[in-house]
Amino acid sequence: MKKVVKFGGSSLASAEQFQKVGNIIRADVDRKFVVPSAPGKRFSADTKVTDMLYACYALAEKDHDFTKEMTKIEERYQEIIDGLGLDLNLTPEFNKIFDNFKQKAGSDYAASRGEYLNGIIMANYLGYEFVDPAEAIVFKEDGSFDAETTNNLLSQRLADVERAVIPGFYGAYADGKVKTFSRGGSDVTGSIVAKAVQADVYENWTDVSGFMIADPRIINNPKGIETITYAELRELAYMGASVLHEDAIFPVRKEGIPINIKNTNAPDDEGTWIVGNTCQKSKYIITGIAGKKGFASINIEKDQMNTEVGFGRKVLQVFEECGINFEHMPSGIDTLSVMVHQSEFEAKEQSILYGITKAVNPDHIDIQSDLALIAVVGRGMKATRGTAGRIFAALAHANVNVRMIDQGSSELNIIIGVSNEDFEAAIKAIYAIFVEIQL
């Protein structure tokens, strides 16, 4: 069995955290490929190494002296090395980085050195082979990730390697110039490595025991999600849940490799499993609740709208021409509503309203602002009667007025629109009815 394990910055912020990670890796012989992030914060007022590198390089770009800042970064790594009792000298590496900063090697190069140096320490600590992603993770000339070339190169590079450390966050162009991932960072690298080695599991270790059903900033100590499908995860992520970015999921999703989100500080916790599909029933009818504030609804009324061929297309074309994406479009026989981000809409409001009037000659246009959208997601909803009714009952009991409701054809999610001021109360009410009360 092969496992790829990725550790986030908080998991590798100090020598003490490194030791926890080392114990986790050594506890399972199947954990053969390790993807480390750069050291994160050791305490709340601390600075991430990546941010230190960005600040240091900003001075170098302006031809200012950055010796003091570079020394602080070197001290952070030396503290880890000394704490682990390693016989490792990174001075030659820092001399090379210093020279490349002076030659203005680029901010991507600067940021990537956090993972690069942590990877060297991790490989030395574990006795694993170090593999530089710049050798095998490839970006095209336009800056987009070259998935096919990368998979071929990385598969070949790791084919005869029993155990390896591959730093996260970066790769390189064909000419060797370092390029970082714009989104997802080390999570993306872990997924790419898992695909390349055809791993059985991709373990993503962080500082929480998996995903929560709802935002812990709104719900006090929410229940965790044991198993979630990729489809459910996508719905929650789209609605603002802080979960893995889609770029970090796609490579393993395509291969059918499950992801296990685990907690470095509580390694015995099961965490959350992300899978393609499952026959396992959710503990609750819903899998998760997520939402975002700051939407506006443009409500268009016209008698016998449903008889006009192309009505919806004409309306959406106005938004397209103004460069505005729409989020949802619930409709009735004589009404059609378009939900958009309010901040984007406000800048082009009059152009859009004029365009709609000209395009479809509506009887009336009404605008509702300061709305929030909440997604209630769960594979268990499809087989459960009365889910929407329970949501309405819970919201009514909490004195929350529902401004919009939209259910996807897959019956995997229900989207509810409420006022911004009712956002937190709505989430608490929905969580209570499905998780705390479970009527």
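So the values come out like this:
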| quantity | calculated |
| --- | --- |
| Selection within segment 314-352 - assigned to a helix (DSSP H, G or I) and touching a residue at least 40 places away in the same chain (Cβ under 8 Å) | 314, 315, 317, 318, 342, 343, 345, 346, 352 |
| Residue ranges of strands (runs of 3 or more DSSP E) in segment 130-249 with at least 2 members in contact (Cβ under 8 Å) with a residue 12 or more places away in the chain, within 30 Å of residue 287 (Cα to Cα) and β-branched (Val, Ile, Thr) | 201-206, 227-229 |
| All helices (runs of 4 or more DSSP H) inside segment 10-128 with 1 or more residues being under 30 Å from residue 263 (Cβ atoms) and at pLDDT 95 or above | 15-26, 49-61, 67-84, 107-126 |
| Members of segment 301-350 that are open to solvent by less than 40 Å² (accessible area, probe 1.4 Å) and charged (D, E, K, R) | 302, 327 |
| Residue under evaluation residue 132, criteria (1) surrounded by fewer than 21 Cβ atoms within 10 Å (Cβ to Cβ); (2) more than 12 Å from residue 170 (Cβ to Cβ), criterion not met | (2) |
| Positions within segment 382-439 being open to solvent by 30 Å² or more (accessible area, probe 1.4 Å), within 14 Å of residue 285 (Cβ to Cβ), in contact with a Phe, Trp or Tyr (Cβ under 8 Å, 6 or more places away or on another chain) and not basic (Lys, Arg), in sequence order | 438 |
| Residue match in segment 163-170 (condition: of a type outside the set (A, V, I, L, M, F, W, C), modelled with pLDDT of 95 or more and surrounded by fewer than 22 Cβ atoms within 10 Å (Cβ to Cβ)) | yes |
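The values are calculated or read from the model by the stated rules, or taken from the named source; none is laboratory data. All figures in this text were calculated on a predicted structure; none of them were measured in a lab. Because the Cβ atoms are built from the backbone with ideal geometry, glycine has one as well, and the counts that use them run over all protein chains shown. Side chains included, ligands, DNA and RNA excluded: accessible areas come from the protein's heavy atoms. Shrake-Rupley method; radii C 1.70, N 1.55, O 1.52, S 1.80 Å.
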